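Have a look at the structure below, then the notes.
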Amino acid sequence: MILISYDIEDDRLRLKISKRLHFYGLHRIQYSVFMGTLANKDVPKLKTDLMAFSQQKAWAPQDTILILPVHDRMKNAIEILGQTPPTWPEIAGELHTLML
């Protein structure tokens, strides 16, 4: 499982980043926070894609992207105060979906 949080000033760049995170199957759990389970081979690709965003002209010096791996042993320690995201089983890798 991985958690991505970002603080991006430029609206268009922020939208591109959120679309890229959706492309990788991550779920929005808060406005600028995405979480989900990725295959090990996809993590370096995602990091490369995010690094490319930081090289764009729209990237401001104060912009940040936080990439936080959440190890399996820590998943059970996650506490959610308030409403659990409806897609939590997918986010946590407990539910797998097959689309044909």
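Roughly how many debye, to the nearest 20, is the charge dipole of the chain about its Cα centre, given +1 on each Lys and Arg Cβ, -1 on each Asp and Glu Cβ, and no other charges?
Roughly 300 debye for the chain.
If I stretch the segment between Gln62 and Phe23 completely, what's the gain in nm (0.36 nm per residue apart, minus their alpha carbon distance), one decimal?
11.5 nm
Enumerate the lysines that Lys41 could reach by cross-link, defined here as Cα to Cα under 27 Å, with residues fewer than 8 away along the same chain left out.
Of all the lysines, those that pass the test against Lys41 - Cα under 27 Å, at least 8 places apart if same chain - are Lys16, Lys19, Lys75.
Which residue, Lys45, Lys57, Lys19, has the most motion in a Gaussian network model of the chain that connects Cα atoms within less than 10 Å?
Top of the fluctuation ranking is Lys57.
Note down the net charge around Ile65, summing +1 for each Lys or Arg and -1 for each Asp or Glu among other residues with Cβ under 10 Å from its Cβ. Write out the running numbers ahead of the final one.
Working: positive: Lys47; negative: Asp7, Asp63.
Residues near Ile65 contribute -1 overall.
Would you kindly derive the ³J(HN,Hα) couplings of region 62-75 from the backbone phi angles with the Karplus curve 6.51 cos²θ - 1.76 cosθ + 1.60 (θ = phi - 60°), listing them in order in whole Hz, with x for Gly and Pro?
Listing the rounded values in order: 8, 5, 9, 10, 9, 10, 10, x, 10, 6, 3, 5, 9, 4 Hz.
By the scheme Lys and Arg +1, Asp and Glu -1, what is the net charge of all other residues having a beta-carbon under 14 Å from that of Ile2?
Charge balance in the 14 Å sphere: +2.
If you roll a 1.4 Å probe over the chain with all protein chains in place, what percent of the accessible area is carbon or sulfur?
Whole-percent figure for carbon plus sulfur exposure: 55.
Identify which of Leu66, Leu50, Leu81 has the largest mean-square fluctuation in a Gaussian network model of the chain, with springs joining Cα atoms closer than 10 Å.
Per the Cα network of the chain with a 10 Å cutoff, Leu81 tops the list.
With springs connecting C-alpha atoms under 10 Å apart, model the chain as a Gaussian network and identify which of Gln30, Gln62, Gln83 has the largest mean-square fluctuation.
Answer for the Gaussian network model of the chain: Gln83.
Ile29's amide H: which non-local residues (gap 5+, or another chain) put their own amide H closer than 5 Å, with H modeled 1.01 Å from N in plane and none for Pro or chain starts?
Those lying under 5 Å, H to H, from Ile29 are Phe34, Met35.
Whole-Hz Karplus ³J(HN,Hα) for region 14-25, in order, using 6.51 cos²θ - 1.76 cosθ + 1.60 and θ = phi - 60°, x for Gly and Pro?
4, 5, 4, 5, 5, 5, 5, 5, 5, 4, 7, x
With a point put 7 Å past each Cα toward its Cβ, work out how far Glu90 is from Thr48 in nm, to one decimal.
Inter-label distance under the simple model: 2.6 nm.
The values are calculated or read from the model by the stated rules, or taken from the named source; none is laboratory data. Worth saying up front: this structure is predicted, and the values here are computed from it rather than measured. As a convention, Cβ positions derive from the backbone with ideal geometry for all residues, glycine included, and neighbour counts pool all protein chains shown. Accessible surface is based on the protein model in full, side chains and every heavy atom, while ligands, DNA and RNA are left aside. Shrake-Rupley method; radii C 1.70, N 1.55, O 1.52, S 1.80 Å.
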